[in-house]
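K.L.:
This is the structure I have questions about; it appears just below.
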Amino acid sequence: MKFVDLQSQFAAYEPEIRREIEEVLRGAQFIMGPKGSELEGKLAAYVGATHAIGCSSGTDALLLTLMAYGVGAGDEIVTTPFSFVATAETVSLVGATPVFVDIDPKTYNIDAARIEDAVTKNTRGIIAVSLYGQCPEMETILSVGGEYGQFVIEDGAQSFGAERNGRRSCGWPHVGTTSFFPSNPLGCYGDGGMVFTSDDKVADCVRGLRNHGQWERYQHRAIGINGRLDDLQAAILIGKFPRFPDEVSVRNYMGQRYSDRLGDVVGVPVMSPGNTLVFAQYTIRTPRRDDLVAHLRENGIPTAVHYPIPLHLQEAFRGLGYGKGDFPESEAAAREVVSLPMSAFLSEADQDEVIRQVRRFFSG
Ligand SMILES: Cc1ncc(COP(=O)(O)O)c(C=O)c1O
């Protein structure tokens, strides 16, 4: 059994993907070619943003956004300690300081009610992560940001395709970023990411910065990076995208199917009102997590822990001065969560086996 079944997905979409790749190979425009712009147009329309800018990864999408806002030394960015490292790593990369706020233990997303307490005169913005494919309370976060004149970035690496109160993930003000890492809901076959915004100025900055700070060829107005999405990856995404809405529905169905059958033995994902999840991960919670993982491994079922060490306790962030006990909800989640196999190509028979083994563990 696969944790994310990319082989079956390729088998199902092979003709479309090969056709798109073939066009790039024949046209030989591999960097900043027509497939990149075509994908940007399609995905901007999908999320409801004016601009979409393809980037080399979800990490670079975050980095470029922070660069576009001119974030640097002395600035603070409020974010969650319970995320993939890139969320805070990019803040440190531009020389600013991540300021962590603990999570809501039900959704694992930043606790919007506590953000205000973390705001200082140096706070420039907030990075709200839509963990496991569920948007946080964006309305509250945007209103806190609005009150103090800060920008809000939704790190939607895991939530492309999710919705909240009729708005798609990555389509919120001011900026949404996503990742096309292969196992993400919409994944390419390498690294890729995207910045979404309806702010013309931010979009223009990101466009130039992702291409070595040049808006006209060989005229470098700013220090940028090589942060472009290449056309082969864009082509693969164009090949996959027409079936993406169906995949989102199947993921929802499979997520609900897990919850209906496991909700009495483990903590299952809690949907905050108004949210539609995309289940980038199907993540359960139990104090007996490590023994459950061992039991599932012995029975041929792959699992993953997203994430075993919260960011404030990572060695790389030691300089921030946080310690054990600072964010108890994140620390408890890191001890207790585990993600089960999930993709639009997980068969019901395989899912039943996962369910059977989880239940067997708790009945033993
Ligand atoms: C929440 C979050 N932010 C950022 C990233 C970085 O994306 P990438 O691996 O494309 O750089 C990831 C990776 O999936 C992620 O899960």
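The values are calculated or read from the model by the stated rules, or taken from the named source; none is laboratory data. In this text, all values refer to a predicted model and were calculated from it rather than measured experimentally. Here the Cβ positions follow ideal geometry from the backbone for every residue, glycine too, while neighbour counts run over all protein chains shown. When the accessible area is computed, the model is the full protein with side chains, heavy atoms only, and any ligands, DNA or RNA have been set aside. Shrake-Rupley method; radii C 1.70, N 1.55, O 1.52, S 1.80 Å.
K.L.:
If a/c stays under 1.5 just call it rounded; otherwise compare a/b with b/c (prolate if a/b is bigger, oblate if not). Do that for the stretch 137-220, with a ≥ b ≥ c from the square roots of the Cα gyration tensor eigenvalues.
P.N.:
Oblate is the answer for the stretch 137-220, as a/c is 1.5 or above yet b/c matches or exceeds a/b.
K.L.:
Can you sort LYS240, LYS42 by solvent-accessible area, 1.4 Å probe, largest first?
P.N.:
Heavy-atom accessible area, descending, gives LYS42, LYS240.
K.L.:
Got a sec to turn the phi values of the stretch 148-164 into Karplus ³J(HN,Hα) couplings, 6.51 cos²θ - 1.76 cosθ + 1.60 with θ = phi - 60°, whole Hz, x for Gly and Pro?
P.N.:
Coupling constants for the stretch 148-164: 9, x, 9, 7, 10, 10, 8, 7, x, 4, 9, 10, 4, x, 7, 9, 9 Hz.
K.L.:
Same structure, new question: At a 1.4 Å probe radius, carbon and sulfur cover how many percent of the accessible area of the stretch 1-122?
P.N.:
Taking all protein chains in place, the stretch 1-122 shows 54 percent carbon and sulfur surface.
K.L.:
Taking only DSSP H segments of four or more residues, each worth -39500 (n - 2.57), what value at 222 nm results for the chain once the sum is divided by all its residues, to the nearest 500 deg cm²/dmol?
P.N.:
Calculated from helices alone, the mean residue ellipticity at 222 nm is -12500 deg cm²/dmol.
K.L.:
Which number do you get for Rg(Cα) / (2.2 N^0.38 Å) in the stretch 200-308?
P.N.:
1.64
K.L.:
Per residue, how much accessible area does the stretch 278-364 show when a 1.4 Å probe rolls over the protein heavy atoms, in square angstrom?
P.N.:
46 Å²
K.L.:
Counting only the heavy atoms of the protein chains, how much of THR123 is accessible to a 1.4 Å probe, in Å² to the nearest 10?
P.N.:
Counting only protein heavy atoms, THR123 exposes about 10 Å² to solvent.
K.L.:
Put a dot 7 Å past each Cα toward the Cβ at LEU25 and LYS324; how far apart are the dots in nm?
P.N.:
Between LYS324 and LEU25, the simple spin-label model gives 5.5 nm.
K.L.:
As an exercise, use a Förster radius of 45 Å and the Cβ-Cβ distance of ASN226 and LYS106 to find the FRET efficiency, rounded to the nearest 0.05.
P.N.:
0.65
K.L.:
Can you give the accessible area per residue of the stretch 79-140, in Å², using a 1.4 Å probe?
P.N.:
32 Å²
K.L.:
Moving on. If R₀ is 25 angstrom, what is the calculated FRET efficiency for the pair GLU315 and ALA73, using the beta carbon separation as r and rounding to 0.05? Please report the intermediate quantities before stating the final value.
P.N.:
Values: r = 22 Å, r/R0 = 0.87.
Plugging the Cβ-Cβ distance into 1/(1 + (r/R0)^6) gives 0.70.
K.L.:
Could you tell me what percent of the accessible area of the stretch 261-314 is made up of carbon and sulfur, with a 1.4 Å probe and every protein chain present?
P.N.:
Carbon and sulfur together cover 52 percent of it.
K.L.:
What nm value, rounded to one decimal, do you get for the distance between ALA12 and ASN122 when each label is placed 7 Å out toward the C-beta?
P.N.:
It works out to 4.8 nm between the two label points.
K.L.:
Now for a different question. When ligands, DNA and RNA are left out and all protein chains stay put, how many square angstrom of accessible area per residue does the stretch 1-54 have with a 1.4 Å probe?
P.N.:
For the stretch 1-54, the solvent-accessible area averages 53 Å² per residue.
K.L.:
Could you pull out the pairs from LYS2/LYS106; LYS121/LYS324; LYS42/LYS201; LYS121/LYS201; LYS106/LYS201; LYS42/LYS106 whose alpha carbons sit more than 30 Å apart here?
P.N.:
In this structure, LYS106/LYS201; LYS42/LYS106 lie more than 30 Å apart at Cα.
K.L.:
If you split all Cα-Cα distances of the stretch 1-129 into 10 Å bins from zero, what percentages do you get per bin, shortest first?
P.N.:
The calculated distribution, bin by bin, is 11, 27, 30, 21, 11, 1.
K.L.:
From the phi angles alone, apply the Karplus equation (6.51, -1.76, 1.60; θ = phi - 60°) to the stretch 328-338 and give each ³J(HN,Hα) in whole Hz, x where the residue is Gly or Pro.
P.N.:
x, 5, 5, 5, 5, 4, 4, 7, 10, 8, 8
K.L.:
Okay, moving on. Would you kindly derive the ³J(HN,Hα) couplings of the stretch 288-305 from the backbone phi angles with the Karplus curve 6.51 cos²θ - 1.76 cosθ + 1.60 (θ = phi - 60°), listing them in order in whole Hz, with x for Gly and Pro?
P.N.:
Working through the residues one at a time gives 9, 3, 5, 5, 5, 4, 4, 4, 5, 4, 4, 9, x, 10, x, 9, 8, 10 Hz.
K.L.:
Using a 1.4 angstrom probe on the protein heavy atoms only, line up TRP215, TRP172 by accessible area, largest first. Show your work: numbers first, answer last.
P.N.:
Working: TRP215 70, TRP172 20 Å².
The ordering from most to least exposed comes out as TRP215, TRP172.
K.L.:
Kindly sort HIS312, HIS51 by accessible area of their heavy atoms, largest first, with the probe set to 1.4 Å.
P.N.:
HIS51, HIS312
K.L.:
Calculate the dipole size of the chain relative to its Cα centre from +1 charges on Lys and Arg beta carbons and -1 charges on Asp and Glu beta carbons; express the result in debye to the nearest 20.
P.N.:
320 debye
K.L.:
What FRET efficiency comes out for ARG335 versus MET32 if R0 is 45 angstrom and r is the Cβ-Cβ distance? Round to the nearest 0.05.
P.N.:
So the FRET efficiency works out to roughly 0.50.
K.L.:
Excluding residues on the same chain fewer than 8 positions from LYS35, give the aspartates and glutamates whose Cα lies under 17 Å from its Cα.
P.N.:
Of all the aspartates and glutamates, those that pass the test against LYS35 - Cα under 17 Å, at least 8 places apart if same chain - are GLU16, GLU20, GLU22, GLU23, ASP191, ASP230, ASP231.
K.L.:
Is the shape of the chain rounded, prolate or oblate, going by the alpha carbon gyration tensor and its root eigenvalues a ≥ b ≥ c, with a/c under 1.5 for rounded and a/b larger than b/c for prolate?
P.N.:
It is oblate, given that a/c is not under 1.5 and a/b is not larger than b/c.
K.L.:
Here's a follow-up. Summarise the accessible area of the stretch 325-364 (1.4 Å probe, protein heavy atoms) by the percent that is carbon and sulfur.
P.N.:
47 percent
K.L.:
Separation between the ALA45 and LYS2 pseudo-spin-labels, each 7 Å from Cα along Cα→Cβ, expressed in nm?
P.N.:
For the pair ALA45/LYS2, the computed spacing is 2.9 nm.
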